[in-house]
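Since the structure comes first, as structure tokens, the remarks are kept for the end.
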Amino acid sequence: MSATAETTPRHDWTLAEVRALFEQPFNDLLFQAQSVHRQHFDPNRVQVSTLLSIKTGACPEDCKYCPQSGHYNTGLDKEKLMEVQKVLEAAAEAKAIGSTRFCMGAAWKHPSAKDMPYVLEMVKGVKKLGLETCMTLGRLDQEQTQALAEAGLDYYNHNLDTSPEFYGNIITTRTYGERLQTLAYVREAGMKICSGGILGMGESLDDRAGLLIQLANLPEHPESVPINMLVKVKGTPLAEEKDVDPFDFIRTLAVARIMMPKSHVRLSAGREQMNEQMQALAFMAGANSIFYGEKLLTTANPQADKDMALFKRLGIKPEEREEHADEVHQAAIEQALVEQRDSRLFYNAASA
Ligand code: SF4
């Protein structure tokens with residue numbers, strides 16, 4: 001396949017086409033992905049988000065990969081919804097070390113009426129700090145989605161996790177259709193979508209293709225597509241799953257880049273298990289977003305200064321928010337990083 005093919009966003013991908021992308025020789029696939037990437041993005045910029053767990057553990061859902069599910073005993077301490085002020089302090093720290101987006105995650109089936117006012121205050125407060133806002137709170141109804149949009153929420157994260165065919169092996173307490181419905185509400189309310197999946201749960205190559213087809217064939221591509229590598233946590237049903245072949249992981253990033261050429265493809269959970277060479281290959285494949293900070297919800301994330309050191313060695317710079325592009329300077333960010341190296345950004349149950 002030619003390196004310049006398929007750079008216009010499409011929404012009619014077939015399994016045969018996606019299989020053909022996956023089956024290309026590795027170098028051809030990476031060349032194609034990098035060529036597509038360069039048509040839509042600066043290849044030496046990576047968007048940097050910080051993720052904070054605002055409510056940890058005791059989730060009623062049974063996602064088999066998740067240490068926060070109340071169905072499994074993973075030794076994780078539970079925490080109630082954080083106070084708004086503490087969330088805003090963490091957001092200010094994230095901004096000081098160069099994050100442009102602040103993501104807040106709560107382990108809920110869906111937000112309750114009692115918690116919504118606090119959640120809305122968090123959105124408004126983080127927004128005022130000049131950060132983009134993102135939340136992941138589980139299933140939303142239309143009214144809640146509208147309220148979040150009116151409060152200024154930029155992104156809503158709701159992952160599809162895997163293909164519709166494999167989904168029932170991983171989650172039984174929420175349907176695929178409910179996930180798609182939440183995504184539809186988010187779009188209707190005018191917010192941006194962050195949605196992706198997880199590799200390494202025992203899925204087949206067709207399931208990986210099926211996940212990407214679901215995402216790419218939505219009426220609009222998600223603006224952000226996190227591709228996670230399973231973090232195997234003791235006590236969860238997937239603790240003993242086989243490791244994902246690193247090249248298969250990179251291939252999936254590359255195929256996501258080709259299928260959703262204008263989306264930010266995020267190298268997400270599991271980055272701690274990747275060496276620097278694998279992360280560099282991921283950027284070559286078109287990944288252009290990372291989570292950055294001490295912890296990713298409840299699993300370890302490489303130290304912020306290590307990330308910036310790798311960026312420097314690769315000549316990569318953090319992507320700036322467009323409206324602040326002329327205010328933010330790389331040197332200042334790097335200096336702040338050094339100063340913040342030992343500070344804690346995350347207040348999650350695993351370490352609090
Ligand atoms: S992934 Fe989310 S919804 Fe599923 S158990 Fe974990 S916190 Fe709950």
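Every test in (1) under 23 Å from Val225 (Cα atoms); (2) in a helix (DSSP H, G or I); (3) modelled with pLDDT under 95 is passed by Met104 save one, and that test is (2). Whenever a residue of the range 117-135 is among the polar types (S, T, N, Q), its partners that are in a helix (DSSP H, G or I), lying with C-beta atoms within less than 7 angstrom and at least six residues away or across chains, give the pairs Thr133/Val123; Thr133/Val126; Thr133/Lys127. Every condition in (1) assigned to a loop (DSSP other than H, G, I, E, B); (2) within 21 Å of the chain's Cα centre (by Cα) holds for Lys127 except the one numbered (1).
One residue stands out in the range 229-251 among those that are free of Cβ contacts under 8 Å to residues at least 60 places away in the same chain and closer than 26 Å to His11 by Cα: the one that is farthest from the chain's Cα centre (by Cα), namely Asp248. Is it the case that the range 54-68 has a residue that's in a helix (DSSP H, G or I) and either at pLDDT 90 or above or under 22 Å from Ser289 (Cβ atoms) (or both)? No, the conditions are met nowhere in the range 54-68.
Which residues, taken from the range 49-107, are away from the ligand (no atom under 13 Å from the Cβ), under 26 Å from Asp154 (Cβ atoms) and among the acidic types (Asp, Glu)? Matches in the range 49-107: Glu83, Glu89, Glu93. Scan the range 75-99 for residues that are under 30 Å from Ala239 (Cβ atoms), in a loop (DSSP other than H, G, I, E, B) and of a type outside the set (A, V, I, L, M, F, W, C) and the total you get is 4.
So that you can scan it fast, the table gives a plain yes or no per residue for (1) away from the ligand (no atom under 16 Å from the Cβ); (2) over 16 Å from Ser224 (Cβ atoms); (3) not aromatic (Phe, Trp, Tyr):
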| position | (1), (2), (3) |
| --- | --- |
| Lys114 | yes, yes, yes |
| Pro117 | yes, yes, yes |
| Lys128 | yes, yes, yes |
| Met135 | no, no, yes |
| Leu140 | no, yes, yes |
| Gly152 | yes, yes, yes |
| Tyr156 | no, no, no |
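Take the conditions (1) in a loop (DSSP other than H, G, I, E, B); (2) within 16 Å of the ligand (Cβ to nearest atom); (3) within 25 Å of Met229 (Cβ to Cβ); (4) at pLDDT 90 or above; His110 misses just one of them, which is (3). Just so you know, in the range 102-124 the residues that are over 19 Å from the mean Cα position of the chain (by Cα) and buried (at least 21 other Cβ atoms within 10 Å of the Cβ) include one that is nearest to Thr50 (Cα to Cα), and it is Met122.
Conditions (1) in contact (Cβ under 8 Å) with a residue 12 or more places away in the chain; (2) under 30 Å from Leu310 (Cβ atoms); (3) surrounded by fewer than 23 Cβ atoms within 10 Å (Cβ to Cβ), marked per residue:
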site: Arg10; (1), (2), (3): yes, no, yes
site: Phe31; (1), (2), (3): yes, yes, yes
site: Pro67; (1), (2), (3): yes, yes, no
site: Asn73; (1), (2), (3): yes, no, yes
site: Leu76; (1), (2), (3): yes, yes, yes
site: Glu93; (1), (2), (3): yes, yes, yes
site: Thr100; (1), (2), (3): yes, yes, yes
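Pro261 - would you say it is within 18 Å of the chain's Cα centre (by Cα) and surrounded by fewer than 24 Cβ atoms within 10 Å (Cβ to Cβ)? So Pro261 passes the test.
Of these, Val46, Val36, which one is surrounded by 22 or more Cβ atoms within 10 Å (Cβ to Cβ) and over 18 Å from the mean Cα position of the chain (by Cα)?
When all the criteria are applied, what remains is Val36.
Being in contact (Cβ under 8 Å) with a residue 24 or more places away in the chain, closer than 15 Å to Cys103 by Cβ and away from the ligand (no atom under 12 Å from the Cβ) is the requirement here; does Glu165 meet it? Explain how you work it out, then say what you get.
Working: in contact (Cβ under 8 Å) with a residue 24 or more places away in the chain: yes; closer than 15 Å to Cys103 by Cβ: no; away from the ligand (no atom under 12 Å from the Cβ): yes.
Spelling it out, it is not the case that Glu165 is in contact (Cβ under 8 Å) with a residue 24 or more places away in the chain, closer than 15 Å to Cys103 by Cβ and away from the ligand (no atom under 12 Å from the Cβ).
The values are calculated or read from the model by the stated rules, or taken from the named source; none is laboratory data. Just so it is clear, the model here is predicted, and its values are computed rather than measured. Every residue, glycine among them, receives a Cβ derived from its backbone with ideal geometry; neighbour counts consider all protein chains shown.
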